[in-house]
Each structure stands twice: as C-alpha cells, then as structure tokens.
Amino acid sequence: MGIEPLRSIPGKQTGTQQEKTVLLILTEACNLSCVYCYEQHKGTHTMDLETAMGIIEREMNSDDEFDRVFEFFGGEPFLAFDKIVALHDFLGSRQWSKRWFTITTTNGTLVHGKIKEWMLRNRKTFNAALSADGTRQMHNTNRSNSYDMIDFDFFLKMYPVVRMTVSPQTLSCLSEGVIHFHNMGFGVTSNLAFGIDWSKDENIETFAAELRKLIDYYLENPKVIPANILDMDIIAINPQSRSYASRYCGAGVNMVAYDTAGVSYPCQTFAPLAVGDDIARKSHDLVFESEISLDCFDEKCRICTVANICPNCYGINFSSTGNMYSKDDSFCRMIKVQFLANANFKYLQYLAGSLSLTQEEEYRLLNNISLVQTMEL
C-alpha cells in the first residue's frame, strides 16, 4: 500500500506540502444534457487505462514538492466507473513518495448500487461533489428531468455540500433553490453559469432581487453558513495596492488537465472537450503566473474597484474574450450585481453585530463597502 493518503479538502494546505490537482478526463460522454453546459464538444472518446496509469505514475514520481489530488472528470465520470476503480486501486497498490487523494464531481444520477457501495468503502481516499440545481422544478429545467434519479440522502450523509449552477432559466428561483438545499441540510456553493449570454437587462434586476431575498434569509437564520455567492471577501479589496489580483484556481500553476488522448492543458476549461481543438491548441502558448498582474487585464477590468478580488474562470474568459483574465461584458455586469449585494450583506451583518472584527478590519470593511457602492453596472 502507499503512504498515508491526503485527508484534507482538495486545494488546501496539507502539512508542509501544497497539493497539485491533476484532472483526468476519463470520458467525453454524459447521460444528461444540461442547458448551460460549457462542454460543447462532447464525443465518444475515452481515456484508456494504460494512458491514465502512465499519467498517474509520472505525476506521482515527479520531482516537486506537491502532493497530488487526482480528479476523475467527464462528461459524467461515473460512466467510466470501472476505470475510476482501477485507477484508485492502482494508486493504493504502490509505495509513493507523495501523498494522494481522489475526487470527482458528479450529477449523481448513477450513484446507486455498486457505485454507492464502493464510495462508502473508500471514503477515506475518495470524495465526490454533487452538482445539483435547486428545487425539483429548477433542477429538472436545467438537467434533463433528473432530480428524482439522485439519492440526496446518500450525498447528505457522505458529502454534505452541493454545487448549484444558476442558468437564465432558473435565475428567478435562485434564492428558493439555495434555501431548498439548506433546508435539506446541505452547505451550498452556487454560481452563475459560465459561457452564457447574460446580457438581457431583466437579468440584472432579477439577480439583485434574488440576492436580496437570500440576504433576508441569512439575517433571519444567522446559524446557517451563507452560500459562497454571498460570501465574497469584501474586506480584502485593496485600492491602495492594486498590482496583483487574487488567483481563484491553480490553472496552469498547480493544476493540469489531461484529455482522453493524454494531452495536457492548464485546466479542463482549456481542453478540446470544452473549447474545441483550435482554442485548445492556442492555450499551450499561454504563460501562467502564480501572481497575476493587473496589467494583464483589459482596461475595464484593470480600473475596476474590485479588480484584485473579482472571481475568474480563466478558460471561459479565454474562449469568450481572447484574454484569460478578462470577462465577457454581460457576465461582468452580473458579477458587479453580486458584489453590490455582498457589500450590502456585510454591512447589515456589521449592524447586527454578527461580525468579529478588529478596529483595523472594521475600518477597511466600511471603507470597501463604500467603494463598492460607487460601482456602475
């Protein structure tokens, strides 16, 4: 058997070593057809075991300080369940100098019977994130009428955080969907769908109204941990030092994705499955820095008040704008709405006395709230 595996949340520090995420796109196929899916080039290709094991061996024997988190990816990864089992067993059968852990994100529809039994047996070295989109009606609108195919009780027991994606079709129910999952007992990460046209003006008004409803819910239920959509780090806005922006993932630095042929890309959003062959090839010419200079941004992003903490998906940015550090204009407007709501929420929490702040933190927070309120949509 290998040395003691990682037992942390992927992406966090573990001991004195940092983790590198290695995504293996085991299959391009999916059993659903989600309305917002950014993987626009699905096919029938799969990664063979020899290729996958070779990647694992190279990564685990690489001369660096990083432990490894292997993410089994799709399509729907559990369509390649036999390969997941074989690769997990391969990792556990060898003596490695690095620690390791395995994860996946799934639509949950195939997690029954032997898959569920295997997950229970291997919970110390395998973690799954459920991707689901709110109430039955919301989820079925986005995800091919698949709500009743998911064993939510199993995921709540095993992996009690759900990933919820909001489409234009379900935007008007955003707060209802998040609260639905909270009432079930889940923690929630929620985001607007990437690569979608958000340009209709009514989306701005609807998004703002839904976030206000969610703010009211959290103020009335202060013990509930807010979804990340209302947990932006407003206090970290730093208008006095605007040289670098926060990095929101390890794409191209401590993250790599391998497509079904074993070709590497900065992350899965740069792979052919997501962006097609032409854009995927261009990604090999990109230079990724661990510290992102604001000089890399286009002007609208560079001069923005919240530039240093604004979340980015580098692959989606690159395919939609040609600059991996600059957003599509319609998505940018929606994120500004989110920042305004977050600033309002933090202020209301402050007034309610629910924030524990030093005097310096209090000054920075109130100053940054005022700055955010000056943003124009």
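The values are calculated or read from the model by the stated rules, or taken from the named source; none is laboratory data. Just so it is clear, the structure is predicted and the values come from calculations on it, not from any experiment. All Cβ positions, even for glycine, are placed from backbone atoms using ideal geometry, and neighbour counts span all protein chains on display. Surface areas here come from the heavy atoms of the whole protein model, side chains and all, with no ligands, DNA or RNA. Shrake-Rupley method; radii C 1.70, N 1.55, O 1.52, S 1.80 Å.
Brief remarks follow.
- Accessible surface computed residue by residue for the chain, with neighbouring protein chains in place and a 1.4 Å probe, gives 46 Å² per residue.
- Separation in nanometres of the label points that stand 7 Å from Cα toward Cβ, at D278 and Q373: 4.8
- For the chain, C30, C173, C249, C267, C296, C301, C304, C310, C313, C332 stand unpaired, since no other cysteine beta carbon lies under 4.7 Å from theirs.
- Cα gyration tensor shape of the range 215-351, rounded if a/c is under 1.5, else prolate or oblate by comparing a/b with b/c: prolate
- For the range 183-325, with +1 on Lys and Arg beta carbons and -1 on Asp and Glu, the positive-most of G276, Y258, Y218 along the dipole: Y218
- Angle in degrees between helix 329-351 and the longest Cα principal axis of the chain, rounded to the nearest 10: 70
- For the range 279-317, the residues whose backbone nitrogen is under 18 Å from a point 7 Å from the Cα of Q240, taken along Cα to Cβ, are 305-309.
- Under the simplified labelling scheme, the H45-S62 pair shows an inter-label distance of 2.0 nm, with each label point 7 Å from Cα along Cα→Cβ.
- Förster radius 25 Å - calculated FRET efficiency between N191 and V35 (Cβ-Cβ, nearest 0.05): 0.95
- Restraint check, K116/K327; K116/K213; K20/K327; K20/K157; K42/K157, Cα-Cα greater than 29 Å: K116/K327; K116/K213; K42/K157
- In this Cβ point-charge picture (+1 for Lys and Arg, -1 for Asp and Glu), the chain has a dipole of about 740 debye about its Cα centre.
- Once backbone amide H atoms are built at 1.01 Å from N, S190 has M164, N228, I229 as its partners under 5 Å, excluding neighbours fewer than 5 places away on the same chain.
- Within a straight-line Cα-Cα reach of under 14 Å, K114 can be paired with the following aspartates and glutamates, leaving aside sequence neighbours fewer than 8 residues apart in one chain: D82, D151.
- M324 long-range amide H proximity, modeled H, under 5 Å: none
- Apportionment of accessible area to carbon and sulfur, the range 225-351, percent (1.4 Å): 47
- Note on D82/I225: beta-carbon distance plugged into 1/(1 + (r/R0)^6) with R0 of 35 Å gives a FRET efficiency of 0.45.
- Measuring r between the beta carbons of S97 and W118 and using R0 = 35 Å, the FRET efficiency lands at 0.85.
- Nearest 10 degrees, 0 to 90: helix 81-92 Cα axis against the chain principal axis: 80
- Long-range HN-HN contacts of I292 with modeled amide H, under 5 Å: A245
- Tilt relative to the chain, helix 272-282 - C-alpha long axis, 0 to 90 degrees, to 10: 90
- Point-to-point label distance, T358-V263, nm (Cα→Cβ direction, 7 Å offset): 5.0
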